[in-house]
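A short write-up of the structure that comes next.
The values are calculated or read from the model by the stated rules, or taken from the named source; none is laboratory data. Please read all numbers here as calculations on a predicted model, not as lab measurements. FYI the Cβ positions are ideal-geometry reconstructions off the backbone, even for glycines, and counts take in every protein chain you see. For the accessible areas, the whole protein counts, side chains as well, though only heavy atoms, and no ligand, DNA or RNA atoms are used. Shrake-Rupley method; radii C 1.70, N 1.55, O 1.52, S 1.80 Å.
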Amino acid sequence: MSRAARRAGAGQGVAALRLLVALSLLRGVVEAQVIGVLDDCLCDIESIDNFNTYKIFPKIKKLQERDYFRYYKVNLKRPCPFWAEDGHCSIKDCHVEPCPESKIPVGIKAGISNKYLKVANNTKEFEDCEQASKLGAINSTLSNQSKEAFIDWARYDDSQDHFCELDDERSPAAQYVDLLLNPERYTGYKGPSAWRVWNSIYEENCFKPRSVYRPLNPLAPSRGEDDGESFYTWLEGLCLEKRVFYKLISGLHASINLHLCANYLLEETWGKPSWGPNIKEFKRRFDPVETKGEGPRRLKNLYFLYLLELRALSKVAPYFERSVVDLYTGSVDDDADTKTLLLNIFQDTKSFPMHFDEKSMFSGDKKGAKSLKEEFRLHFKNISRIMDCVGCDKCRLWGKLQTQGLGTALKILFSEKEIQKLPENSPSKGFQLTRQEIVALLNAFGRLSTSIRELQNFKVLLQHSR
């Protein structure tokens, strides 16, 4: 063989080897790109992974199982305020199906239902509604006694600094939902209705000027051959507050998509569905090749959102550390255990060394900062109203809860002075949280914690599938 032929053969061998290496790494490319320090903060992803896995996730999961945090009152019948609704999802896993009357829990004692004071009465634990016959149906009926026990949790009405459009808990259409019986997962809800919701969120509320043609909605078709770099160049040119807004929405979207990929309907045999992680769906939504580089950016925004809500929990800890605050359900021992667990989580959040610095936001001249903060608040409040346009009831439930949770986190971050002035032995008029805000805040953060945990699981599955 001639020297030239040997060189050609060697060159082809090197090229083939490089191709094999590239292909072998393709499935791990998400892991390779979702690393390092996050933009607009000084925290690295690896530290968040370890902190979440070993400190937060096990405890927040237990907290979500406590009676105080598992029941969430929500109005799923509010009409869409922006466009004529095109009908609700007809898929069975989207439907609301209340418990039959015969299976509503009994024997619950109402007692003194003031959420801020210690209660002397001891009642039974809330019994679970039995799971409805249709898998995934929303189980929303509780006994009248349960409703009496809950009624005072909604008495405080605070419109100041709200980042969300809150449901009127006194409305006859508002129902208590057991979140444990209605897990967030893939329902099959998609198509024009779902696209319209996300398109409205990204296109009309993410501070996008008309001069930027690339859609912010990752579900929308891209224009031309733009790989997104011009869009991100534009994004980096925005002020910090507007960049943060986009990252929060993108992170929330990524988190929801992760939940759907991790709890996907894999098959259904004789009416018995099998749920689990769907690797193909995960790659469709997050693989850098299939998403033209968008997937890793979306996942980094998930970490950014986690970091912001983590900061909010550390800031609101003094509110719950007061003896006057009692997470009331009617069972003294259980309520004390719930508060102990919650305070333990708060201690962990305060120990995290690389928090997001919210003081860097709205820090310009007072008049301009105030105007920008109000614009930021109204844009997010508008997004919370869009949640009433979601056609799938289960998707609407979890969309409203997670949006309200993030809105509550933002309210906390920008109420530092009011939190510092909280009286020890009496409710504060300067800063207050309703029970629904508390439940949404902790469950929304629990969803983010679960998303990051599920992301670790997908990395392992991708490695094993090579």
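Odds and ends about this structure:
- Hey, K300 in a helix (DSSP H, G or I) and surrounded by fewer than 18 Cβ atoms within 10 Å (Cβ to Cβ) or not: no
- Long-range neighbours under 8 Å by Cβ, at least six apart or interchain, first residue closer than 13 Å to F69 by Cα within the stretch 333-344, second crowded, with 17+ Cβ neighbours inside 10 Å and of a type in the set (V, I, T): D335/V119; D335/T329; T338/T329; K339/V325
- Sole residue being hydrophobic (A, V, I, L, M, F, W, C), open to solvent by 10 Å² or more (accessible area, probe 1.4 Å) and touching a residue at least 40 places away in the same chain (Cβ under 8 Å), chosen from F376, F414: F414
- Those residues of the stretch 422-449 which are open to solvent by 20 Å² or more (accessible area, probe 1.4 Å) and modelled with pLDDT of 90 or more, in sequence order: R447
Residues are listed down the side, and each one gets a yes or a no for (1) farther than 22 Å from I249 by Cα; (2) open to solvent by 40 Å² or more (accessible area, probe 1.4 Å); (3) out of contact with any Gly (no Cβ under 8 Å at 6 or more places or on another chain):
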{"residue": "F282", "(1), (2), (3)": "no, no, yes"}
{"residue": "V289", "(1), (2), (3)": "yes, yes, yes"}
{"residue": "L307", "(1), (2), (3)": "no, no, yes"}
{"residue": "S314", "(1), (2), (3)": "no, no, yes"}
{"residue": "F320", "(1), (2), (3)": "yes, no, yes"}
{"residue": "L341", "(1), (2), (3)": "yes, no, yes"}
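- H253 in contact with a Pro (Cβ under 8 Å, 6 or more places away or on another chain), touching a residue at least 40 places away in the same chain (Cβ under 8 Å) and crowded, with 19+ Cβ neighbours inside 10 Å: yes
- For L266, the conditions (1) under 16 Å from I452 (Cβ atoms); (2) of a type outside the set (S, T, N, Q); (3) not in a helix (DSSP H, G or I) are fulfilled apart from (1).
Conditions tested, residue by residue: (1) of a type in the set (V, I, T); (2) buried (at least 22 other Cβ atoms within 10 Å of the Cβ); (3) within 20 Å of S200 (Cα to Cα).
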residue: G330; (1), (2), (3): no, yes, no
residue: D334; (1), (2), (3): no, no, no
residue: N344; (1), (2), (3): no, no, no
residue: H355; (1), (2), (3): no, no, no
residue: G364; (1), (2), (3): no, no, no
residue: S384; (1), (2), (3): no, no, yes
residue: L401; (1), (2), (3): no, yes, yes
residue: A409; (1), (2), (3): no, yes, no
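- Qualifying positions in the stretch 354-371 - more than 18 Å from A409 (Cα to Cα) and in contact with a helix residue (DSSP H, G or I) (Cβ under 8 Å, 6 or more places away or on another chain): S363, G364
- Test for P273: is it crowded, with 18+ Cβ neighbours inside 10 Å, over 21 Å from the mean Cα position of the chain (by Cα) and outside any helix (DSSP H, G or I): no
For (1) under 30 Å from Y328 (Cβ atoms); (2) in a loop (DSSP other than H, G, I, E, B); (3) modelled with pLDDT under 80, each residue gets a yes or a no:
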{"position": "S159", "(1), (2), (3)": "yes, yes, yes"}
{"position": "V177", "(1), (2), (3)": "yes, no, no"}
{"position": "F207", "(1), (2), (3)": "no, yes, no"}
{"position": "P221", "(1), (2), (3)": "no, yes, yes"}
{"position": "D227", "(1), (2), (3)": "no, yes, yes"}
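- For M354, the conditions (1) part of a helix (DSSP H, G or I); (2) in contact with a strand residue (DSSP E or B) (Cβ under 8 Å, 6 or more places away or on another chain) all hold with the exception of (1).
Yes/no per residue for (1) at negative phi; (2) within 22 Å of the chain's Cα centre (by Cα); (3) at pLDDT 90 or above:
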site	(1), (2), (3)
A317	yes, yes, yes
Q347	yes, yes, yes
D357	yes, yes, no
F362	no, no, no
K381	yes, yes, yes
